[in-house]
1. Give the cross-link partners of B:LYS65 among the aspartates and glutamates, using a straight C-alpha distance below 16 Å as the criterion and excluding same-chain residues fewer than 8 apart.
2. Hey, any idea what the orientation-averaged projected area of the convex hull of the protein assembly as shown's Cα atoms comes to, in nm²?
3. Excluding B:ASP119 itself, calculate the net charge of residues whose Cβ lies under 12 Å from the Cβ of B:ASP119, where each Lys or Arg counts +1 and each Asp or Glu counts -1.
4. Rounded to the nearest 0.05, what FRET efficiency do B:LYS212 and A:ASP207 have when you use their Cβ-Cβ distance and R0 = 56 Å?
5. Between the stretch A:107-186 and the stretch A:271-341, how far is it from one alpha carbon centroid to the other, in angstrom?
6. Tally Lys/Arg at +1 and Asp/Glu at -1 over every other residue whose Cβ is under 12 Å from the Cβ of A:ARG338; what's the total?
7. Just for the stretch A:96-245, what percent of DSSP beta bridges are antiparallel, to the closest 5?
8. Pick from A:ALA32, A:ALA246, A:ALA327 the residue whose mean-square fluctuation is largest in a GNM of chain A, springs joining Cα atoms under 10 Å.
Amino acid sequence: MNALRQYIDLFNDNRKVIEAGSPAVLNAQRDAALAALHGARLPRKGSEDYEATDLEAVFAPDYGMNLTRIAFGGDATESFRCDVPNMSTCLYTCFNDVIVPGPNAMRNAGGMVVETFKEAATRHPEVLARYGSLAQFDDPTVALNTLLAQDGLLVYVPRGVVAERPLQLVNIFNTTQPLMAVRRVLVVLEDGASARMLVCDHTQSKDVNFLSSQVVEIIAGEDSTFDYYDLEESTPLTHRVSTIYARQARGSNVLIDGITLTNGFTRNNYRVTVDGEHAETTLLGMTVAGDEQHVDTHTLISHNAGLCRSNEMFKYVLGDKAVGAFAGKILIKEGCPRVEAYQGNRNLCASPQARMYTKPQLEIYTDDVKASHGTTIGQLDQEALYYMRTRGISEAEAQRLLMQAFMSDVIDGVRLDVLRDRLHYLVEKRFNGTLASCSSCAEACMVKG
Amino acid sequence: MLQIKDLHASIEGKEILKGVNLTVNPGEVHAIMGPNGSGKSTLSNVLTGHPAYTVTGGEVTFGGKDLLALSPEDRAHEGLFLSFQYPVEIPGVSMVNFMRAAINEKRKYFGQDPLSASDFLKLMREKRAIVELDNKLASRAVNEGFSGGEKKRNEIFQMAMLEPKLSILDETDSGLDIDALRIVASGVNTLKSEDNATIVITHYQRLLDYIKPDFVHVLYKGRIVMSAGPELALELEEKGYDWIKAQIDNE
């Protein structure tokens, strides 16, 4: 059994339909993607870099796909309010896999160009031409995404433009039938450009199986600045396989922050390539998982130039029977002096059944660098718990305060004030059980009607 | 207020307390002294309910209740307070959130509504003054980066906030310079009333110059082997513990 087979068959049977609904630049990649998938297999649990994660099982079910580009009923922006409200009026919603701009999105883009790939194909073809320039087909899930992608969102920040308002993209699953969404984002920042983006993944239909295949490409020009926050609040039946690529030119500053508060199965890959000197990379991650949630993170930061800094910190709090995994590699190539690269992965297992798998790696081919990695897996500090209890704080409340405290530094690393405050609040809700899963957060989600 | 009868306790299978008897009444100050390893800190940890210690015999009543049957948090609600010898640093938990949780859980225990934000901050301000605790410390994480003296002042600040019936000060004088000692001691004295009581655990007479005990007890080998008035502390300061050790070991 090879789960890829059904997707390849689906593509071969429907190639005309898929290509008819897609811009040419997407179609131009499909042959290479198909070739890469020939004979490929999705990793099974236990294979290299998939010690705890079975992708074959995730892709095996027969999810439906929206090949004919049906615009799903209802105005998503009207029916849904995200957990991070009032942050931006430059709001786009991806309703299953169809992108809809919010009411004032265009007006509030502030010099940024935000377009669907279809719009960009005619308005900014020269920018859209960079689609697929970072994605690598050695990962079959990326090849599969490229094989099937029909649209996506282009964020283009022209030279020197500083977009004041953050851009928000809300991905929503809401159908009565199982669905696979193929989502794609391309971010192009020209030299000196600056922008911030928040992506929120939500699932409204809690009893339906979903698979979201996401590939994000971020091309950061010289001295550009870009923040990308990726917040998942989905359901136990939502499966997400995401790969974020970033390529940084000289002097650029990129922050990528992956946050998982509620989910089912999540595999997040981060591939950052630093090509120019004086570039700075911040990679942050925070996972709170309970029940049987599964969150697997895989990171690779490649330093191809000297005098760069990268800082990476992923934190997990696992309860119940949750499984977490982290594998992170820092690669410093030959001839990259005075790179500073730090990686940390700190984990709390709050229940005896929770499992954390972690694998830090450094691969260094230049002498004159500073690099370190540190990994810890532990339980809550028993002395701190006792101290708090002697002050009258119940054990449950003390545990909650300690877990929240554990996350505070990664939350404080968020450079968007509104989001940072909101995250403190959401994480508090998550720990006191009022955000146990998206199904119980109706109050926060405010699904109308 | 507190009656300890023939209390035995052990940690990791090793018996530390071997039959402690002690009665404390409202308004009293008791000093417990004794050589290293005699069980002084064990006694305070057993009374507050440290999970690492096992009570193997005896009983303790506090305000008429079976203290040993209560969880550490309920012991606190009932009015027991321990000023730690080594206050614990809790990175990421601010003093404000920590104290608010403590105060409001106590109020909940007694069926009261949580304190409003402004009332709470007012209370913090008022109590902070008792131990001259800087506002900056109150906004930082619990004990994190506090100096030795600041940690101990922070303990007395928490005591002031929680208004316990019985406070146990476990070597509150250790690590304090003269000025800090005076501030801490005057804080304790300010909080003293006819309705509450204090147990001072210390190695030295020094602290007892500031916090005057009504009774002085010597704990040795897990038992209180001698009890007398404040003059005993002076005698110990002068002669050390050897004469008591010799006396007990010969028995």
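No lab work stands behind these numbers, since they all come straight from the coordinates. Since we're looking at a predicted model, the values are computed, not measured. A quick note on method: Cβ atoms are made from the backbone with ideal geometry, for glycine too, and the neighbour counts reach across all protein chains shown.
1. Straight-distance partners of B:LYS65: B:GLU73, B:ASP74, B:GLU78.
2. Numbers: hull surface 142.9 nm².
Orientation-averaged projected area of the Cα hull: 35.7 nm².
3. Values: positive: B:ARG100, B:ARG107, B:LYS122, B:ARG125; negative: B:ASP113, B:GLU126.
Once positives and negatives cancel, what remains is +2.
4. Numbers: r = 70 Å, r/R0 = 1.26.
E between B:LYS212 and A:ASP207, to the nearest 0.05, is 0.20.
5. The stretch A:107-186 and the stretch A:271-341 have Cα centres separated by 23 Å.
6. Local charge sum for A:ARG338: -2.
7. On the way: 4 of 45 bridges.
If we restrict to bridges inside the stretch A:96-245, about 10 percent are antiparallel.
8. A:ALA32
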